[in-house]
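The values are calculated or read from the model by the stated rules, or taken from the named source; none is laboratory data. Because the structure is predicted, anything quoted here is derived from the model rather than measured. We place every Cβ from the backbone using ideal geometry, glycine too, and count neighbours over all the protein chains shown. Side chains included, ligands, DNA and RNA excluded: accessible areas come from the protein's heavy atoms. Shrake-Rupley method; radii C 1.70, N 1.55, O 1.52, S 1.80 Å.
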Amino acid sequence: QVQLVESGGGLVQAGGSLRLSCAASGSISRLNVMGWHRQLPGKQRELVASITSGGITNYADSVKGRFTISRDNAKNTVYLQMNSLKPEDTDVYYCNLLRLGIGNTWGQGTQVTVSS
């Protein structure tokens, strides 16, 4: 069973940067999408950014120009470089793996807190 292990969250001042990493254990199919979502308690989980195994990226409007998603297929790892962080980016960030015919797998979440 594939598991997603996230790292890189923490506390940063507004304007600062953080880099999130998510590694998928085990073998995953070549056709997949990896991404990051975020969710505060009581709110709906929303897509932050995603990247296909072929390198096609998608971003929420609120993070375009500030966040960059990338992946290393050899390591089954996805990264989220977050620059120019704002207090409204404070959230729990969840790694996601979407595989054709299998569906979604989620990480445990990592807290990102941006102080003003």
**the range 17-70, residues that are among the aromatic types (Phe, Trp, Tyr) and under 19 Å from GLN3 (Cβ atoms)** = TRP36
**Prompt:** Under the condition of being of a type in the set (D, E, K, R) and in contact with a His (Cβ under 8 Å, 6 or more places away or on another chain), which residue from the range 35-61 is nearest to ASN83 (Cα to Cα)?
**Reply:** GLU46
**Message:** For the range 78-95, check the following and say yes or no: at least one residue is charged (D, E, K, R), in contact (Cβ under 8 Å) with a residue 60 or more places away in the chain and more than 14 Å from GLY8 (Cα to Cα).
**Reply:** yes
**Request:** Test each condition in (1) more than 14 Å from HIS37 (Cα to Cα); (2) in contact with an Asp or Glu (Cβ under 8 Å, 6 or more places away or on another chain); (3) β-branched (Val, Ile, Thr) for THR110 and report the one that comes out false.
**Result:** (1)
**Asked** THR113 is checked against (1) open to solvent by 20 Å² or more (accessible area, probe 1.4 Å); (2) over 26 Å from VAL2 (Cβ atoms); (3) not in a strand (DSSP E or B) and fails just one. What number does that condition carry?
**Response** (3)
**Message:** Would you confirm whether or not the range 36-43 contains a residue that is at pLDDT below 95 and hydrophobic (A, V, I, L, M, F, W, C)?
**Reply:** yes
**Asked** Where in the range 17-72 are the strands (runs of 3 or more DSSP E), entirely inside, with at least 3 residues that are of a type outside the set (S, T, N, Q) and in contact with a Leu (Cβ under 9 Å, 6 or more places away or on another chain)?
**Response** 18-24, 32-39
**Request:** Give the range 82-108 a look and list any residue that's under 18 Å from PHE67 (Cβ atoms) and open to solvent by 20 Å² or more (accessible area, probe 1.4 Å), or say none.
**Result:** ASN83, SER84, LYS86, PRO87, GLU88, THR90, VAL92, TYR94
